[in-house]
Amino acid sequence: LYDKGNFASLIVVSNNSDNILKSPALEDIVRLNEKILNITVDNRKLGFSEVCAKAHEKCVSNVILEIIGYNETSRTSITYPEHRHESNLVFLGSALGGVLTDASSTIQAAQAVKLYYYLNNQENASEISKLWLKRFKSLLSDEMDRKHIDVSYYTSKSKQEEIDSHTVDGFPLFLITYACAISFSVLSCLRLDHVRNKMWVAVFGVLSSGLAVVSSFGLLLYIGVPFVITVANSPFLILGIGLNNMFIMVSDWQHSHVTDPVPKRMAHTYKEAAMSITITALTDVLKFFIGVMSDFPSVQSFCLYTATSILFCYIYTMTFLGAFMALNGRREASNRHWLTCMKIPTEKSIEQTHMYNICCVGGSYDKLTGAEKKQPASNFFKDYYGPCLMKPGVKGVVIIIYLAYLATSVFGCFHIQQGTELYDLAADNSHVTRFNIKDRRYFYNYGPVVMVIVKGEMAYWDKAKRSQLQACIEGFKEPQFVDRDIYTSWLDSYLSYGQEKLLNLDDKDVFLSYLPQFFDLHPFYKQDVNLTRDAIHASRFFIQTVNITKASEEIEMLKGLKAIAGSCQVASLLVYNHEFIYYDQYDVVVKSTIKNVVVITALMLVVSLLLIPNPVCSLLVTCSIGSVTVGVNGFMALWDISLDSISMIIFTVCIGFTVDFSAHVSYAFVSSEKPHPNDKAVDALSSLGYPIIQAALSTVLGVSVLSMSEFYTFRAFFKIFFLVMFIGMLHGLVFMPVFLTASACSSDKDENPEGVLKSSKL
C-alpha cells in the first residue's frame, strides 16, 4: 500500500507468558478471529468477505493463521523470519513477535501474534468500512472471553479518534486552567483598603484578554482561516500576556501621586508602562506573523491566530483597560467604595461600629511619597531583596549560579531526543497506547517495509543501466538497519525467469513481450511495475528495516535511506513508507525551532535598539532570550521531553514570555532616575518585581492543572510552560539586574533629564 488504507489490527499476548502458538492460547486466538470475521454490517447483509480488501478476488488474509493451522506438527516446523507456504516465501517478521528459534531458524516459541484485517479502501465503500471498524472496536472492547490471552487493538481511525479526544477530554482541563489563572490574578489585586482595591481592574484585565481572543478568532474565522487543534493553545498565551500587561499598568498606577488629577495619573501610568508593553507586543506580533511562513500548516494557522490575538490584546489593553482604569481612578479620587461606589470616610470613627470601620473605611496613602501604600511584596523587593542582590559577594554567587545553569543547559541540549512516539499522541490508558507499547516491545526486530521507487522511464533491458540500478539497490542493503536477506525485487525475479526460459532480456522487444507472462505467474509483481505500451514509466522494490526501537532511530534510518537514494546516478530514486510522514517532520522540527529562535532574537534586538534608549541594554535583552532558549531546551531533555512538532509549537508559544520579563526590567532600569546603577536595579525590582511574580505565578498555577492530565500533550505543555516561566522569571529578577549593573547601562537622564522625558513620552 502507498497509504495506510482502512484496516483493523490486534496484538495478542499470552497471559502467562507461555508460547502463544500452543493451546489453550492459540484456541482463544482462533475463536477471536472467527468472531471478527463474523462481524456484519448493513442489517447483517455484509460480512467481512464483502467489505475486505481483495487481491485477485480474494480477501487479504492473515497467513500466519493458515500456516499454524490446527495440528501440532505444522506449528513445530515454521521457519522465521521467512517461511515457505504453498510454494511462496512468506515474511513472518510483522506477524510474530518475541520469537525464539533454533539453529535451523525453526520457531521454538513466540510471545505475540499480530493480526491485520484490511478493508476496502474505495470511496464508495468508505462508509461501510467505517461502520465495520466501529463494530470491530465494540467487539474488542466488550469481548471478555480471554482467559489465556491479552489483546490490544488498533484501527486506521484510532489515531484521529485519540487526537479528537484531546479536544473533548482536554476542554474541562483548560477551563479549570483558565479559572485558576483568573482567580489568582483577581485575588492578587485585592487590597484591604476599600478605596484602593484593584479587583475590578483585574476583572477587566481578564475581560480585555477575552475580548482580544473573541475579536481575533471571529475575524479570522469569518474570512475563512482554518481552525486547527493547535490553535486551542493560543488563548492561554493571550491570557498570560494580557495579565502581565495589566499587572504592570496597575503597578505603575500605584506609583503615581494619589492627589494628582486622574489625567495626570494616567499620563504617568502610560509613560512608564506603555513603552515596555509596546516592546513586547511588537516583538510578539512580528515573531508570530513571520511564523506564518512555517513548513507546518498547523503552525501557520496557530501563528496567524496568535499574532492577530496579540495585536487585539495590545489595542484593548491600551484602550479598553486604560479607559476602565481612568473610571476606576475617578472612583478612587472621590474616595468611593470599590463595591458599592458610595463615598466613605478615610479614617476610622469611634462613633461607628467595629464592622463599619472594617468594611466601610478606606482611601489612605503614603504621605511621604504621595503614592499608594506599597504592597508587602513590593517593600520586600525594595528594602530587602534588591539591596541584598546588589552586594558584591551576592553578585559573584549569582554569576557562578548562572555559569552552572548555562553549563547544565548546554549539557542537556546535547542530549535532547528527537521524535514522537505514537503512543504520546494518545491517553495513558488508551487502547492505542497499549497497542503501540506492545508493538515496540515484541515487534521491534523488524521495522517498516520501505519502497524504493524508480521515478521516470528507464531502459531496464539496457544491461549497463540495469547493472547500475541493481548496484544502487544493493546499496540499500548495506546499512545496519536493513536486513540484506529480506527484500522484494520484481527485476531479480524476472531475470531469474529469463534465465530459466533462456530469454535474451537485453533485447527491448523480448523484455517487454514476456512481462505479461511473468505477471501471470507472479501476479503480485504486477503492482510493482507501471507498464504502458512499450515503456516502463516507474517501478518499485522493497527492503526490510530492522532493529528500529525508538523515534531517534527512525530519524537516522530515514536520513540514511535518503542519502543512499540521492547517490544513485543512473535513475532518480525515492524511498517511501506511509509512516514517513511522521519521520519527515523530525528534521523540519529542528530547523523550524532554530529558525524561530533566530528570528525572535533578531527581532528583539531590532525592536530593543529602537525603543530602549541604550544599545548595551538592548543587547543584554537579546542575549537573555538566547540564554532562556538554551535553558529551556536543555532542561527539556533532562525532564524527558523530546523535541517534536508538539513541543515545538508549545515552545514557540512560551518563548514569547521570556521577552516580557527581561524587556520590562531592562526598560525600567534604563528609565530609572536614580544616579547609581545599583540604585537603578533596586528601583526596577521595586517597580516590577511583584508584577513579574504575579504574572509568573498566575500562569504557572493555572497550567499546573495540566500536569495531572492523562495526555502527554498537556503534560508537555505544563512542563515547557513551567520551564519558560521559571527560567524567564529567574533571568528577569536575578540574572538581568546583576548583568545590567555590571554593564553600567544608563540613559541620558543623568545628564539631560528633559531629553529623556521626551524619549519616555515617545
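Can you bin segment 146-235 into rounded, prolate or oblate? Criterion: square roots of the alpha carbon gyration tensor eigenvalues sorted a ≥ b ≥ c, rounded for a/c under 1.5, prolate for a/b above b/c, oblate for the rest. Taking the square roots of the gyration eigenvalues as a ≥ b ≥ c, segment 146-235 is oblate.
Placing unit charges on the Cβ atoms of the charged side chains and taking the dipole of the chain about its Cα centre, the candidate lying farthest along the positive direction among G702, S642, P345 is P345.
Relative to the longest principal axis of the chain, what angle (0 to 90°, nearest 10) does the C-alpha long axis of helix 712-730 take? Approximately 40 degrees, to the nearest ten. Estimated purely from DSSP H runs of n ≥ 4, each contributing -39500 (n - 2.57), the mean residue ellipticity at 222 nm for the chain is -18500 deg cm²/dmol once divided by its residues. Look at the dipole of the chain built from charges on Cβ: of Y487, S539, I416, the Cα furthest out on the positive end belongs to I416.
Pairwise Cα distances in segment 46-116 exceed 17 Å in 47 percent of cases. Angle between the Cα long axis of helix 645-671 and the longest principal axis of the chain, 0 to 90 degrees, nearest 10? Compared with the principal axis, the helix lies near 20 degrees. Shape index of segment 1-66: Rg/Rh, with Rg the Cα radius of gyration and Rh the Kirkwood radius from the inverse mean 1/r over Cα pairs, equals 1.03.
On the principal axes of its alpha carbon atoms, segment 98-142 extends 50, 28, 9 Å, with the longest extent given first.
Taking loop as defined by DSSP and a crowding limit of 11 other beta carbons within 10 Å, which trypsin sites (Lys or Arg not before Pro) in segment 526-572 fit?
Numbers: sites: K526, R533, R540, K550, K559, K562; in loops: R533, K550.
Of the trypsin sites (Lys or Arg not before Pro), the ones in loops of segment 526-572 whose Cβ has at most 11 other Cβ atoms within 10 Å are R533.
Report the charge-dipole magnitude of segment 194-336 in Debye, nearest 20, computed about the Cα centre from +1 at each Lys and Arg Cβ and -1 at each Asp and Glu Cβ. Intermediate results must be reported in sequence, preceding the final value.
Values: 9 positive and 6 negative charges, 113 e Å.
So the dipole magnitude of segment 194-336 works out to roughly 540 debye.
A full extension of the chain between A535 and I358 corresponds to an added length of 54.2 nm, given 0.36 nm per residue minus the alpha carbon distance.
Distance between the 7 Å Cα→Cβ label points at D640 and A459: 6.0 nm.
Once both axes come from the Cα atoms, what is the angle between helix 551-566 and the longest principal axis of the chain, in degrees from 0 to 90, rounded to 10? Between the helix axis and the principal axis of the chain, the angle is about 60 degrees.
Give me the percent of Cα-Cα pairs in segment 221-299 that sit more than 19 Å apart, rounded to a whole number. Let's see the in-between values first.
On the way: 1650 of 3081 pairs.
The share of Cα pairs beyond 19 Å in segment 221-299 comes to 54 percent.
The largest accessible area among K198, K367 belongs to the first residue in K367, K198, and the rest follow in falling order (1.4 Å probe, all chains). Each pair of Cα atoms in segment 291-419 enters the Kirkwood radius, and Stokes-Einstein at 10 °C and 1.306 mPa s then converts it into a translational diffusion coefficient of 75 µm²/s.
Please give the length that would be gained between T40 and C341 if that part of the chain were fully extended, namely 0.36 nm times their separation in residues minus their C-alpha to C-alpha distance (nm, one decimal).
Details: separation 301, 0.36 × 301 = 108.36 nm, distance 7.04 nm.
Taking T40 through C341 to full extension adds about 101.3 nm, to one decimal.
Placing unit charges on the Cβ atoms only, positive for Lys and Arg and negative for Asp and Glu, gives segment 596-722 a dipole magnitude near 40 debye about its Cα centre. Backbone N atoms of segment 235-262 closer than 19 Å to the 7 Å Cα→Cβ label point of L701 belong to residues 236-251.
Ligands, DNA and RNA left out, the 1.4 Å accessible surface of the chain is 60% carbon and sulfur atoms.
For the chain, the solvent-accessible area of protein heavy atoms averages 46 Å² per residue (probe radius 1.4 Å; ligands and nucleic acids excluded).
Report the convex hull volume per residue for segment 496-643, counting only C-alpha atoms, in Å³. Please report the intermediate quantities before stating the final value.
On the way: hull volume 27.0 nm³, N = 148.
Spelled out: Cα convex hull of segment 496-643, divided by residues, is 183 Å³.
If only the Cβ of Lys and Arg carry +1 and only the Cβ of Asp and Glu carry -1, the dipole of the chain around its Cα centre is close to 2080 debye.
The values are calculated or read from the model by the stated rules, or taken from the named source; none is laboratory data. These figures come from a predicted structure and were not determined experimentally. Neighbour counts are summed over all protein chains in view; Cβ atoms, including those assigned to glycine, are modelled from backbone coordinates with ideal geometry. Heavy atoms of the whole protein, side chains included, go into the accessibility calculation; ligands, DNA and RNA do not. Shrake-Rupley method; radii C 1.70, N 1.55, O 1.52, S 1.80 Å.
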